[in-house]
Amino acid sequence: MARIAYDNWDAAAFAATRHLTDEGLSAWREAVTRHIDPRPGMRLLDLGSGTGHWAESFTGWFAAVEVVGVEPSEAMRARCVHQPMVAGEATRLPLADDSVDAAWMSTVIHHIPDLGVAARELRRVLRPGAPLLIRSAFAGRHQAISLFRYFPEAVRVLDTYPSVAEVETAFAAAGFETVAFGAVPQVTATSLRAAAAALRREAHTPLQLITDAEYAAGVARLRAAASTTTGAVVDALDLLVLR
Ligand SMILES: C[S@@+](CC[C@H](N)C(=O)[O-])C[C@H]1O[C@@H](n2cnc3c(N)ncnc32)[C@H](O)[C@@H]1O
């Protein structure tokens, strides 16, 4: 069970506002390319693919790689821009043993009810030595994400997400070791004004889980800042790489 519903309402908001541009993702492209070897015939799992924009980016970046999406929400799958996208979830992967050469999870780890079970499932489907790339906002790591500047109450939600150490511990029990960790920047919006205009509460788990009054106060802070701030909105999320 995810922290939010990922029903039609959430999925429509996510599809409308959370797809980043290829230019905005250039540092992510470099970071991902450092850890996977995109050779022909390789199979990459995008777990918790959502509306499939990462799977589509990988397909564009790594032409010879087969990208398979697995996503539990029917509403997200219905809006998915990538195929194949199959129904499934992290604690019960619909994939054969040793059938995947790399796995990617973007902003999914905090929705998984049992990290230990998911770690064992990923160990089962990944070939020995294959990398698992986890992109996330981890507990305690809100500082480089602009949303939390305007919605500081949402930090208390983020702080209930798994920490880096908790994820490492759960995955170590299944045989994974950390090979890299660090923040990767991205252009989230061309301007704060554009970010404020596009904001949809349903597209962000931490904003759904604060109070209406807290959300309203944050929108007011964001709009006030947007009227005086120039330049692109650049955020950084973490990339944890395990093998
Ligand atoms: C914030 S969205 C991220 C979507 C996509 N990875 C991205 O970055 O654009 C979180 C996604 O995780 C999915 N999810 C929730 N629980 C999951 C689970 N137990 N296993 C796999 N995916 C899950 C949700 O349905 C949702 O599509």
**Request:** Evaluate the stretch 129-136: report whether one residue or more is among the β-branched types (Val, Ile, Thr) and either within 9 Å of the ligand (Cβ to nearest atom) or open to solvent by 20 Å² or more (accessible area, probe 1.4 Å) (or both).
**Result:** no
**Message:** Exactly one of these conditions fails for residue 165: (1) under 30 Å from residue 96 (Cα atoms); (2) in contact (Cβ under 8 Å) with a residue 24 or more places away in the chain. Give me its number.
**Reply:** (2)
**Request:** Assess whether residue 103 counts as being over 15 Å from the mean Cα position of the chain (by Cα) and either within 15 Å of the ligand (Cβ to nearest atom) or open to solvent by less than 60 Å² (accessible area, probe 1.4 Å) (or both).
**Result:** no
**Message:** Of the conditions (1) within 11 Å of the ligand (Cβ to nearest atom); (2) open to solvent by 60 Å² or more (accessible area, probe 1.4 Å); (3) at pLDDT 95 or above, residue 5 satisfies every one except a single condition; which number is it?
**Reply:** (3)
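Considering only residues that are more than 6 Å from the ligand (Cβ to nearest atom) and among the hydroxyl-bearing types (Ser, Thr, Tyr), look in the stretch 45-61 and name the one that is surrounded by the most Cβ atoms within 10 Å (Cβ to Cβ). Even if it seems obvious, please write down each step before you answer.
Filtering the stretch 45-61 down to residues more than 6 Å from the ligand (Cβ to nearest atom) leaves 45-46, 51-52, 55-61.
Now restrict to residues that are among the hydroxyl-bearing types (Ser, Thr, Tyr): 51, 57, 59.
On the way: 51: 26, 57: 21, 59: 18.
Per the criteria, the residue is 51.
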**Message:** Among the residues in the stretch 105-123, are any modelled with pLDDT under 95 and not in a strand (DSSP E or B)?
**Reply:** no
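For the stretch 73-100, what are the residues that are buried (at least 20 other Cβ atoms within 10 Å of the Cβ) and either more than 18 Å from the chain's Cα centre (by Cα) or within 10 Å of the ligand (Cβ to nearest atom) (or both)?
Here is the first cut: in the stretch 73-100, the residues buried (at least 20 other Cβ atoms within 10 Å of the Cβ) are 73, 76-77, 80, 82, 85, 89-90, 93, 95, 100.
Once the filter is applied, which keeps residues that are buried (at least 20 other Cβ atoms within 10 Å of the Cβ) and either more than 18 Å from the chain's Cα centre (by Cα) or within 10 Å of the ligand (Cβ to nearest atom) (or both), the stretch 73-100 yields 73, 76, 77, 80, 89, 90, 93, 95, 100.
So which residues in the stretch 175-210 are within 20 Å of residue 24 (Cα to Cα) and part of a helix (DSSP H, G or I), if there are any at all? Outline the logic, then answer.
Within the stretch 175-210, the subset within 20 Å of residue 24 (Cα to Cα) is 182-200, 203-204.
Scanning the stretch 175-210 gives 192, 193, 194, 195, 196, 197, 198, 203.
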**Message:** I need every pair where a residue in the stretch 64-87 that is closer than 18 Å to residue 44 by Cβ has its Cβ under 8 Å from the Cβ of a residue that is more than 11 Å from the ligand (Cβ to nearest atom) and hydroxyl-bearing (Ser, Thr, Tyr), sequence separation at least 6 or different chains.
**Reply:** 65/59; 67/59; 82/59
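The values are calculated or read from the model by the stated rules, or taken from the named source; none is laboratory data. No experiment lies behind these values; they were computed from the predicted model shown. Cβ atoms come from the backbone with ideal geometry, glycine included; neighbour counts cover every protein chain shown. These area figures cover heavy atoms from the full protein model, side chains too; ligands, DNA and RNA do not enter into them. Shrake-Rupley method; radii C 1.70, N 1.55, O 1.52, S 1.80 Å.
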